[in-house]
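Peer 1: This is the structure I have questions about; it appears just below.
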Amino acid sequence: MAEGKGQAFLDKFAEVSAKVGNQVHLRTLRDAFATITPLYILAGIAVLINNVVFPLFFADGSAELAAVQGWGSAVTLGTLSACALILAGLIGYCLAVNKRFENAIACVVVGISSFIIMMPQAVTATLGEFLVASNADDKLADSVSYAVADLGVKLSDGYALTGVEASGVLSTTNTGTNGLFGAIIVGLLAVTLFIKVSGVDKLKVNLGEGVPPAVAESFNVMIPMLLTLSACGLVSAVLAAAGTDLMTIISTCISSPLKGIMNAGPWAVVLIYTLANLLFCLGIHQSTISGVLAEPILTMLIVDNMATFAAGQPIPADHYMNMQIVNSFALIGGSGCTLALLLDTFLFSKSKTSKTVAKMAILPGIFNINEPVIYGYPIVFNLPLMVPFVLVPDLLIAATYGLTCAGIISPCVVQVPWTTPAVISAFLTTGGDFRAAIWQVIEIALAMAIYLPFMKVSERVAAKQAELEGVVEE
């Protein structure tokens with residue numbers, strides 16, 4: 001009876017989890033972040049080279065260092081500083097695909113345009129120096145720069161000139177990493193509205209036959225696009241009249257609290273990955289849970305860290321938990337840290353079947369691809385191995401976070417490809433901290449020690465089942 005209730009619970013859990021993972025807006029978010037990931041990896045490479053590699057060859061503060069760092073700065077400008085703008089368009093495209101909307105390109109346009117419409121129409125720019133034309137009669141003559149402190153502006157005592165309000169500009173505060181939540185919310189809402197309105201046949205403009213398809217499609221969605229963007233403009237104007245804007249509201253009321261939840265210790269992340277890995281043990285990919293509930297927010301945190309590291313600033317403690325702690329330190333060999341299981345199999349297993357699977361799975365496992373282990377060893381529905389598969393990543397997430405908070409290893413500041421092998425990934429993601437690489441070696445040893453007794457139990461169970469079925473393993 002108890003076994004039947006337990007199986008019923010697992011079946012219900014898998015059913016509910018699958019529904020959550022397949023919710024169209026959450027799936028869109030997961031797909032959009034998966035698409036933009038190469039952009040973040042390129043940004044991470046540029047940040048790493050600019051701040052770790054180049055300083056090894058050029059003197060700090062030299063003109064030569066500044067010149068070569070221009071490459072990384074340009075890449076950062078086109079990736080990190082524009083990532084929210086790009087994400088808004090990707091969300092539009094992915095939502096169109098997931099809803100099977102025919103004109104996906106129009107959704108990209110709506111996503112980007114609505115996001116820009118919602119931005120503040122004036123921003124405060126930080127002043128470094130100000131420029132004055134060297135010739136009073138020729139305003140195009142080479143300018144002379146002066147320090148802001150020398151600007152002759154009469155101010156009350158105790159006040160200093162720190163910035164200037166500028167209009168007609170887009171701030172990287174909104175288009176870059178700080179605008180990611182705004183891009184998500186505006187992109188999802190605006191494109192959902194656009195797709196809904198586009199379904200009204202009376203709003204379509206039919207130009208008849210003989211018209212190029214691209215022209216016909218653009219006129220079909222012209223009125224829905226105008227209505228959607230006009231609605232966004234109305235909301236933006238109302239908020240501006242109230243002295244605020246949607247980006248500020250989202251940052252204050254949504255993004256900061258959600259980031260705070262993920263960084264209030266490792267517990268939220270541990271809980272999500274416990275559920276995700278348990279789901280994987282039931283045959284449903286763990287990204288169904290982690291990919292929609294944790295990874296977008298954790299990715300934003302590591303992207304924030306890259307921007308902070310690129311600017312030469314210290315990483316704030318509330319950004320120590322991020323996607324790279326999970327990818328580099330808790331998924332060694334893939335979900336469940338199964339590289340440790342493979343190493344245990346080579347060293348201690350007496351099962352010919354297990355060793356055969358390990359030989360096939362070790363090469364993908366080095367690059368953190370472990371589907372051969374999940375379904376071939378197997379982990380799925382293998383009760384003894386389900387225990388370390390779920391618990392080992394939880395332990396490593398919590399331990400790595402604790403070591404980072406204690407200053408024993410450096411925070412993760414670079415997003416590296418998830419296929420980067422162990423030791424190398426730890427060294428790169430922490431900006432070249434050899435202590436992190438050593439810790440990753442210790443992690444593998446700990447994981448092997450935890451997996452070993454469960455692997456032995458699993459082999460005994462398999463041998464017993466084979467004996468009952470009349471099959472003898474050589």
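The values are calculated or read from the model by the stated rules, or taken from the named source; none is laboratory data. Computed from a prediction, not measured in an experiment: that's the story for all the values here. Every residue, glycine among them, receives a Cβ derived from its backbone with ideal geometry; neighbour counts consider all protein chains shown. Just so you know, the surface numbers come from the protein's heavy atoms only, side chains and all, with ligands and any DNA or RNA stripped out. Shrake-Rupley method; radii C 1.70, N 1.55, O 1.52, S 1.80 Å.
Peer 1: Once label points are set 7 Å from the Cα along Cα→Cβ at both Val205 and Leu383, what is their separation, rounded to one decimal in nm?
Peer 2: Calculated label separation equals 6.7 nm.
Peer 1: How many percent of all Cα-Cα pairs in the range 354-434 sit more than 14 Å apart? Please list the in-between numbers first.
Peer 2: Values: 2325 of 3240 pairs.
Cα-Cα pairs in the range 354-434 separated by more than 14 Å: 72 percent.
Peer 1: Of Ile442, Ile112, Ile36, which has the most accessible area and how do the rest follow, probe 1.4 Å? The partial results should precede the final answer.
Peer 2: Working: Ile442 80, Ile112 55, Ile36 5 Å².
Solvent-accessible surface, decreasing: Ile442, Ile112, Ile36.
Peer 1: Using a 1.4 Å probe on the protein chains only, how many percent of the accessible area of the range 401-444 belongs to carbon and sulfur? Mind dumping the intermediate values first?
Peer 2: On the way: 1340 of 1710 Å².
Carbon-and-sulfur percentage of accessible area, whole number: 78.
Peer 1: Taking the Cα centre of the range 392-474 as origin and charging only Cβ (+1 Lys, Arg; -1 Asp, Glu), how large is the dipole, in debye to the nearest 20?
Peer 2: 340
Peer 1: Considering only protein heavy atoms, what per residue accessible area in square angstrom results for the range 374-474 with a 1.4 angstrom probe?
Peer 2: Details: 4800 Å² over 101 residues.
The answer is 48 Å² per residue.
Peer 1: Same structure, new question: In nm, to one decimal, how far is the modelled label at Ala133 from the one at Leu446, with both set 7 Å along Cα→Cβ?
Peer 2: For Ala133 paired with Leu446, the spin-label model returns 6.6 nm.
Peer 1: Can you give the accessible area of Glu371, probe radius 1.4 Å, in Å² rounded to 10?
Peer 2: The accessible area comes out at roughly 70 Å².
Peer 1: Moving on. What's the carbon and sulfur percent of the range 232-271's accessible surface, probe 1.4 angstrom, rounded to a whole number? Before the final figure, lay out each step's value.
Peer 2: Numbers: 1590 of 2060 Å².
Ligands and nucleic acids excluded, carbon and sulfur give 77 percent.
Peer 1: Hey, could you pull the Cα Rg and Dmax for the range 33-131, both in Å?
Peer 2: 18.3, 55
Peer 1: Once the Cα gyration tensor of the range 228-362 is found, what semi-axes does its equivalent ellipsoid get, as square roots of 5 times the eigenvalues, in whole Å, sorted largest first?
Peer 2: Working: eigenvalues 359, 65, 30 Å².
Taking √(5λ) for each eigenvalue gives 42, 18, 12 Å, largest first.
Peer 1: Per-residue accessible area for Leu29 at 1.4 Å probe radius, Å² rounded to 10?
Peer 2: 20
Peer 1: Projected area of the range 321-372, taken from the Cα convex hull and averaged over every viewing direction, in nm²? Walk me through the intermediate numbers first.
Peer 2: Working: hull surface 14.0 nm².
One quarter of the hull surface, i.e. the mean projection, equals 3.5 nm².
Peer 1: With every protein chain present, what accessible area does His25 have (1.4 Å probe, heavy atoms only), rounded to the nearest 10 Å²?
Peer 2: That residue has around 50 Å² of solvent-accessible surface.
Peer 1: Please compute the net charge surrounding Thr28, taking Lys and Arg as +1 and Asp and Glu as -1 over other residues with Cβ under 13 Å from its Cβ. Could you put the intermediate results ahead of the total?
Peer 2: Details: positive: Arg27, Arg30, Lys99, Arg100; negative: Asp31.
That works out to +3.
Peer 1: Please arrange Arg435, Arg30, Arg100, Arg460 by accessible surface area, largest first, computed with a 1.4 Å probe and ligands excluded. Intermediate values should be presented prior to the final figure.
Peer 2: Values: Arg435 95, Arg30 65, Arg100 200, Arg460 170 Å².
The most accessible residue leads, giving Arg100, Arg460, Arg435, Arg30.
Peer 1: Dividing the alpha-carbon Rg of the range 317-474 by 2.2 N^0.38 Å yields what? List each step's numbers first, then the result.
Peer 2: On the way: Rg = 16.6 Å, N = 158, 2.2 N^0.38 = 15.1 Å.
Against the compact-globule rule of thumb, the ratio is 1.10.
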